[in-house]
Amino acid sequence: MAALYKKDHGWLCSLLPFFLLLLVVIRLQVVIGDVTDGSSEHMKREHSLIKPYQGVGSSSMPLWDFGGSTILTSQYVRLTPDERSREGSIWNRASCLLKDWELHVQFHIHGGGKKNLHGDGIALWYTRDRLSPGPVFGSKDKFHGLAIFLDTYPNDETTERVFPYISVMVNNGSMEYEHGKDGRSVELAGCTADLRNQKHDTFLAVRYSRGRLTVMTDIEDKNEWKNCIDISGVRLPTGYFFGASAATGDLSDNHDIISMKLFQLMVEHTPEEENIDWTKIEPSVNLLKSPKDNVDDPTGNFRNGPLTGWKIFLLLLCALLGIIVCAVVGAVVFQKRKEKNKRFY
Ligand SMILES: *[C@@H]1O[C@H](CO)[C@@H](O)[C@H](O)[C@H]1NC(C)=O
């Protein structure tokens, strides 16, 4: 009888820490899996570019500035026409103070060039400086912040990579984008995406939340997001600007932006996270694995950067609770056995 009693509780006792761990994991997933449904409720008008573009035909477009070859029509913002050596950009005027956001971009890259005789592509930016022309898809090199490149032309002829190719880069102003290598040495992750000359609408989504950066595409006319990039440990400040730029060289394309919609993500932050000055964060990436490993990992869910203070606290608390419960049950069992032993002998 005593043996059975003990066995029962030993079984429960060994399961308890797993159960508690499961609770923690579920809790983490709730925080991580906060996906926006794209409802306009949390769309930030001041950071969004939508039809009909305000101030079309006049020089005043209060929320956005544009430079270079960019022209506005009622249906699209054309960063470059399908002509050689053009570059254009469009930049949000208001700096973004949101810690967690998701950007949806509808774009259209199209032109008369045959396979691999078109270029160069579009870059989407979240950077400290705005409206500064340069050699990286029409914008400045050695930038501070985040870039997503929709690269339609392989400059590196030795590459086995299939283009168009989407890649991301985080820069603190120190790194140069190497055009001849299509930025391969500085990219964090990327994917091939057949995003050019499509007859249907093409979209890209960038989500940044709690250090996790996700890029998704909707380019197959299926009305669903497909994962392209998912990396953790990305640190970006608030107070930077959203923008888009494009460039053509010897080869060209029309690079059109139809819309850019910014959504606020409702995400909890710990008091420590709230207390730091987010405008002072240096753009950086703390990769736990090699960047390439991130691309093929289909789950990606638990790769959420280093444990933050409250997660460690929760884990320790659970472990402590587990130990206490085990100790109490053990003591009770021991006591019962002692009593039984007394009676039987
Ligand atoms: C910028 O990044 C480079 C390379 O990752 C690093 O060596 C350097 O310390 C960083 N600078 C700052 C100011 O964070």
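The values are calculated or read from the model by the stated rules, or taken from the named source; none is laboratory data. Note that the structure is predicted; figures quoted are calculated from it, not measured. Virtual Cβ from ideal backbone geometry, glycine too; neighbours counted across all protein chains shown. Heads up: the accessible areas ignore ligands, DNA and RNA and are worked out on the full protein's heavy atoms, side chains in. Shrake-Rupley method; radii C 1.70, N 1.55, O 1.52, S 1.80 Å.
Does region 246-266 hold any residues that are open to solvent by less than 30 Å² (accessible area, probe 1.4 Å) and under 19 Å from the mean Cα position of the chain (by Cα), and which are they? Show your work before the answer.
Within region 246-266, the first condition is being open to solvent by less than 30 Å² (accessible area, probe 1.4 Å), and the residues that meet it are 246-249, 252-260, 262-263, 265.
Hits for region 246-266 are Ser259, Met260, Leu262, Phe263, Leu265.
For every residue, the table says whether it meets (1) touching a strand residue (DSSP E or B) at 6+ places or on another chain (Cβ under 7 Å); (2) at pLDDT 95 or above; (3) assigned to a loop (DSSP other than H, G, I, E, B).
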| position | (1), (2), (3) |
| --- | --- |
| Phe66 | yes, no, no |
| Val105 | yes, yes, no |
| Gly112 | no, no, yes |
| Lys115 | no, no, yes |
| Ala123 | yes, yes, no |
| Tyr126 | yes, yes, no |
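Just need a number here: residues in region 144-158 that are open to solvent by 10 Å² or more (accessible area, probe 1.4 Å) and more than 16 Å from Ala247 (Cα to Cα).
4
Tally time: how many residues in region 231-256 are of a type outside the set (A, V, I, L, M, F, W, C) and closer than 16 Å to Leu195 by Cβ? First the steps, then the outcome.
From region 231-256, those of a type outside the set (A, V, I, L, M, F, W, C) are 232-233, 235, 237-240, 243, 245, 248-250, 252-256; that's our starting set.
Going one step further and asking which of them are closer than 16 Å to Leu195 by Cβ, we end up with 253-256.
Residues meeting the conditions: 4.
Return the residues of region 165-199 that are free of Cβ contacts under 8 Å to residues at least 40 places away in the same chain, closer than 22 Å to Arg128 by Cα and of a type in the set (D, E, K, R); say none if nothing qualifies.
Glu176, Glu178
If you take the residues of region 159-176 that are under 21 Å from Gly233 (Cβ atoms) and within 16 Å of the ligand (Cβ to nearest atom), which of them is surrounded by the most Cβ atoms within 10 Å (Cβ to Cβ)?
Filtering region 159-176 for residues under 21 Å from Gly233 (Cβ atoms) gives 166-175.
From what is left, the residues that are within 16 Å of the ligand (Cβ to nearest atom) are 168-175.
Numbers: Val168: 24, Met169: 22, Val170: 22, Asn171: 22, Asn172: 15, Gly173: 14, Ser174: 7, Met175: 15.
Only one residue fits best here, namely Val168.
Can you name the number of the only condition in (1) buried (at least 22 other Cβ atoms within 10 Å of the Cβ); (2) of a type in the set (A, V, I, L, M, F, W, C); (3) in contact with a Phe, Trp or Tyr (Cβ under 9 Å, 6 or more places away or on another chain) that Ile231 fails?
Condition not satisfied by Ile231: (3).
Exactly one condition in (1) open to solvent by less than 10 Å² (accessible area, probe 1.4 Å); (2) within 16 Å of the ligand (Cβ to nearest atom); (3) farther than 26 Å from Gln54 by Cβ is false for Asp141; which is it?
(1)
Considering only residues that are within 22 Å of the chain's Cα centre (by Cα) and either outside the structural domain of Asp218 (by TED's automatic domain parsing) or open to solvent by 10 Å² or more (accessible area, probe 1.4 Å) (or both), which ones fall in region 104-134?
His104, Gln106, His108, Arg128, Asp129, Arg130
Do we have Glu187 as farther than 26 Å from Phe66 by Cβ and within 16 Å of the ligand (Cβ to nearest atom) here?
So Glu187 fits the description; yes.
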